[in-house]
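Student: Questions regarding the structure given below will be posed in turn.
The values are calculated or read from the model by the stated rules, or taken from the named source; none is laboratory data. Remember, predicted model here, so these are calculated numbers, not experimental data. Methodologically, a virtual Cβ is constructed for each residue, glycine included, from the backbone with ideal geometry; neighbour enumeration extends over all protein chains shown. SASA here: full protein model, heavy atoms, side chains in, ligands and nucleic acids out. Shrake-Rupley method; radii C 1.70, N 1.55, O 1.52, S 1.80 Å.
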Amino acid sequence: MEPSTPLQPLIIPRPEHTLSRAQISPAALKVLYRLHEAGYRACLVGGGVRDLLLGREPKDFDIATDARPEQVHKLFRNARLIGRRFRLAHVQFGAEIIEVATFRAHGTDSEDGDGAVVEQAEDGRILSDNVYGSIEEDAWRRDFTLNALYYDIANFAVLDYVGGLTDLRAGLIRLIGDPLQRYREDPVRMLRAVRFAAKLGFRLDPATEAPLPRFGHLLEKIPPARLFEEVLKLFLGGCALQSFELLRHYRLFGWLFPATERCLSHQQQHYPKTLLARTLASTDERLAAGLSTHPAFLFAALLWEPLRERWHRLEDEGMDGSEALQAAADAVIQAQLRHTALPRRYSLPMREIWEMQPRLAAITGKRPLRLLSHPRFRAGYDFLLLRAEADEQAAELARWWTGFLALDDTGRAIATQPPAKAPAAGKSKSRRRRKARASATDATPPAES
Ligand code: ATP
Ligand code: MG
């Protein structure tokens, strides 16, 4: 796959490309210049070059250099060395972190002169990859051709060793080298392929695309913490809906969220897909409008169907409503943790959003007023609104709450009067329970004002 002798890159001199220093963050420029002045090679690489050439705003700026991590560390007081699989320097400027990586060789063989080792598992996965190399070698070990373009601070030229510029122009995501080998080395590249296709609106090159539907199982080997990070990038990067569609299309989604995938493929109605699709679309809309989104909300939607199924099954087996919800939440979270991590700072508010759902169905007496002061009320209500788009009973409840929120204090007091008639006698406990959890449909919504 790699050339045995280094190839001359395609060099695009400054006047012939559109990437200008004015578009690069001052922090990244500072790092580039300091490395250059200290006599090292310093290039912007990866998403920074790709996005700027496409006229997009990069998410972050990555720098590649021939300085070793320790040498980078010495040059910057605000640098720290991180990573085991890849040793990198992070140079911090306020909230902005500039990632500085030393040029690496792709080698699968054992050692370079420094005793650094590429550690590989039996299945071909690269476990640690600290063999330093030349810039050409560094280009060839990157994932996609459009991610392997360099902007050289020495002469402001763009360097292309792998045909990235042609693919960039053609709108193609193409793995560098043999796709099967590259996916085996690092299966997360499959998720990255999907993410870049969704984000850039690009097509996957046929050879890059072909293995995806049958290679999803390779993701089982990836630590849940890394998959969690990738899931956040997929769903909080502004193209969540498109990423989700592509993940399902390539049969990758089920390796990230198996319980959700089972619900999506078993259920006849479109409900679970609609709820999830609406949540992802609204996440994208919020991000586009510059609003914040909380991963807890996203995960609440991603795992809602598995939760609901289990919760109702436990209730039907005779468990009390709130106990059943707790037990179902425990089980669903436990099962999910085998695939993606889910830190408690996200899983706790996610549970609160879930627990809010049956409480939102109790709309008589003082309970609605009390619920309004719950710190998670807004998220719970927003979640109900999304459920409402796919579920008629939830829609009725959502209308009630929307009307209720629009009322003044007196109006709210009137709206929460107990109903004139008690529920019809003779209903079984479980029927009453089922009805309560579906929604409080016996309450009259307040008149629209
Ligand atoms: P963005 O930052 O917009 O998500 P990016 O392309 O910059 O996209 P990063 O995760 O920041 O992605 O990685 C920076 C660069 O490092 C990539 O462009 C690519 O060249 C290289 N890289 C990242 N992850 C891998 C990987 N798993 N295998 C090979 N190269 C990778
Ligand atoms: Mg990046």
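Student: What number of residues within the stretch 365-398 are in contact with a helix residue (DSSP H, G or I) (Cβ under 8 Å, 6 or more places away or on another chain) and among the polar types (S, T, N, Q)?
Tutor: Number satisfying all stated conditions: 1.
Student: Report yes if some residue within the stretch 166-175 is of a type in the set (D, E, K, R) and at pLDDT below 95; otherwise report no. Talk me through it step by step, then tell me what you get.
Tutor: Residues of the stretch 166-175 that are of a type in the set (D, E, K, R), as a first pass: 167, 169, 174.
Now restrict to residues that are at pLDDT below 95: none.
Checking the stretch 166-175: not a single residue is of a type in the set (D, E, K, R) and at pLDDT below 95.
Student: Show me the helices (runs of 4 or more DSSP H) found entirely inside the stretch 121-219 where at least 3 residues are open to solvent by 20 Å² or more (accessible area, probe 1.4 Å) and either within 29 Å of residue 18 (Cα to Cα) or among the acidic types (Asp, Glu) (or both). Quick ask: steps written out before the conclusion?
Tutor: On the way: elements: 135-140, 164-170, 179-185, 188-200, 206-209, 212-215.
Those helices (runs of 4 or more DSSP H) span 135-140, 164-170, 188-200.
Student: Can you tell me which residue is most open to solvent (accessible area, probe 1.4 Å) among those in the stretch 92-120 that are at pLDDT 95 or above and under 21 Å from residue 141 (Cα atoms)?
Tutor: 99
Student: Quick check on my filter: what residues within the stretch 48-95 are among the β-branched types (Val, Ile, Thr) and away from ligand 2 (no atom under 16 Å from the Cβ)?
Tutor: We begin by selecting, within the stretch 48-95, every residue among the β-branched types (Val, Ile, Thr); these are 49, 63, 65, 72, 82, 91.
Correct list: 72 only.
Student: For the stretch 352-370, what are the residues that are of a type in the set (Val, Ile, Thr) and assigned to a helix (DSSP H, G or I)? Before the answer, list the steps.
Tutor: Taking the stretch 352-370 first, the residues of a type in the set (Val, Ile, Thr) are 353, 363-364.
Correct list: 353 only.
Student: Separate question: Taking the conditions exactly as written (in contact (Cβ under 8 Å) with a residue 24 or more places away in the chain, open to solvent by 30 Å² or more (accessible area, probe 1.4 Å) and in contact with a helix residue (DSSP H, G or I) (Cβ under 8 Å, 6 or more places away or on another chain)), does residue 236 satisfy them or not? Step through it out loud before you land on a result.
Tutor: Values: in contact (Cβ under 8 Å) with a residue 24 or more places away in the chain: yes; open to solvent by 30 Å² or more (accessible area, probe 1.4 Å): yes; in contact with a helix residue (DSSP H, G or I) (Cβ under 8 Å, 6 or more places away or on another chain): yes.
When the stated conditions are applied, residue 236 passes them.
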